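Visitor: One structure, as structure tokens, below. Some questions next.
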Amino acid sequence: MIKGTIYIVSSPSGCGKTTIIRNFLKKHKNFYFSISHTTRPKRQKEENGKDYFFVSKEEFENMINNNQFLEWAIVHNEYYGTSKEMVLNKVENGIDVILDIDVQGAQKIKKNPDLKNYDIVSIFIFPPSYKELKKRILKRGQDTEESIKIRLKNAYIELKNYNLYDYIIVNEILNKAIYDFETIINANSLKKSKQEYKLKKILNSWEGR
Ligand code: 5GP
């Protein structure tokens, strides 16, 4: 069985990452979108178990101690982490997984020795400018003034790490960004390592002739 790919998708908040991923998943049902655990408060429209698993600091720290995370990080002063069990189970069964994680998490995944033999593709989503990002975060109306300030400051720090990623999408026009996202994933699925099973089957059809 060919293992699934781990797609890491990062961007500062407000760059359209969630919208791009959701649009992609609507069309491509055979992907698994990893739901992270976090200690940050639930936003109004969010659901536990759908957007995140919202847990207490104590629960999160217990999970760290029990080695239940593939990676975890502190983002905007809150814990965020990717559960090991779910992701590895899917990938081992040939299912491609999408991780929406920050730059620290992306680095941890890439450096994780347990993941050395996995196909990992990282995608970074850029906003078109500072002004546009601020406008988008304000329009979203989900964050306090203090949290907006922190997010914009952290955005710049995150954006400067684009070199750590394989692919960059500048989200200026949403439909184009969604198309770019699909293009990256389609191209990766055509890698010979992802098609070995199929290719062997084709070659086998020559046998006995
Ligand atoms: P938000 O609070 O806006 O949903 O997410 C804030 C940031 O946390 C985003 O950059 C998001 O990618 C990141 N994030 C979400 N889940 C995880 C995770 O499991 N691990 C890491 N390292 N970052 C995460």
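The values are calculated or read from the model by the stated rules, or taken from the named source; none is laboratory data. A quick note: this is a predicted structure, and the numbers were derived from the prediction, not measured. Cβ atoms come from the backbone with ideal geometry, glycine included; neighbour counts cover every protein chain shown.
Visitor: From the residues in the range 20-34 that are over 14 Å from VAL9 (Cβ atoms) and either in contact (Cβ under 8 Å) with a residue 40 or more places away in the chain or not in a loop (DSSP other than H, G, I, E, B) (or both), which one is nearest to the ligand (Cβ to nearest atom)?
Guide: LYS26
Visitor: Can TYR118 be described as of a type in the set (Phe, Trp, Tyr), closer than 26 Å to ARG43 by Cα, surrounded by 17 or more Cβ atoms within 10 Å (Cβ to Cβ) and more than 13 Å from the chain's Cα centre (by Cα)?
Guide: No; evaluated as a whole, the condition is false for this residue.
Visitor: A further question follows. Mind listing just one residue for me: the one in the range 49-58 that is within 16 Å of the chain's Cα centre (by Cα) and more than 8 Å from the ligand (Cβ to nearest atom) and, of those, modelled with the highest pLDDT?
Guide: Result: PHE53.
Visitor: If I go through the range 190-209 residue by residue, how many of them are in contact (Cβ under 8 Å) with a residue 24 or more places away in the chain and under 20 Å from SER122 (Cβ atoms)?
Guide: Here the count works out to 3.
Visitor: In the range 153-183, which residues are touching a residue at least 24 places away in the same chain (Cβ under 8 Å), crowded, with 16+ Cβ neighbours inside 10 Å and part of a helix (DSSP H, G or I)?
Guide: Result: ASN154, ALA155, GLU158, LEU159, ALA177, ILE178, PHE181.
Visitor: Which count do you get for residues in the range 59-100 that are in a loop (DSSP other than H, G, I, E, B), within 23 Å of PHE31 (Cβ to Cβ) and either modelled with pLDDT under 95 or more than 14 Å from the ligand (Cβ to nearest atom) (or both)?
Guide: 4
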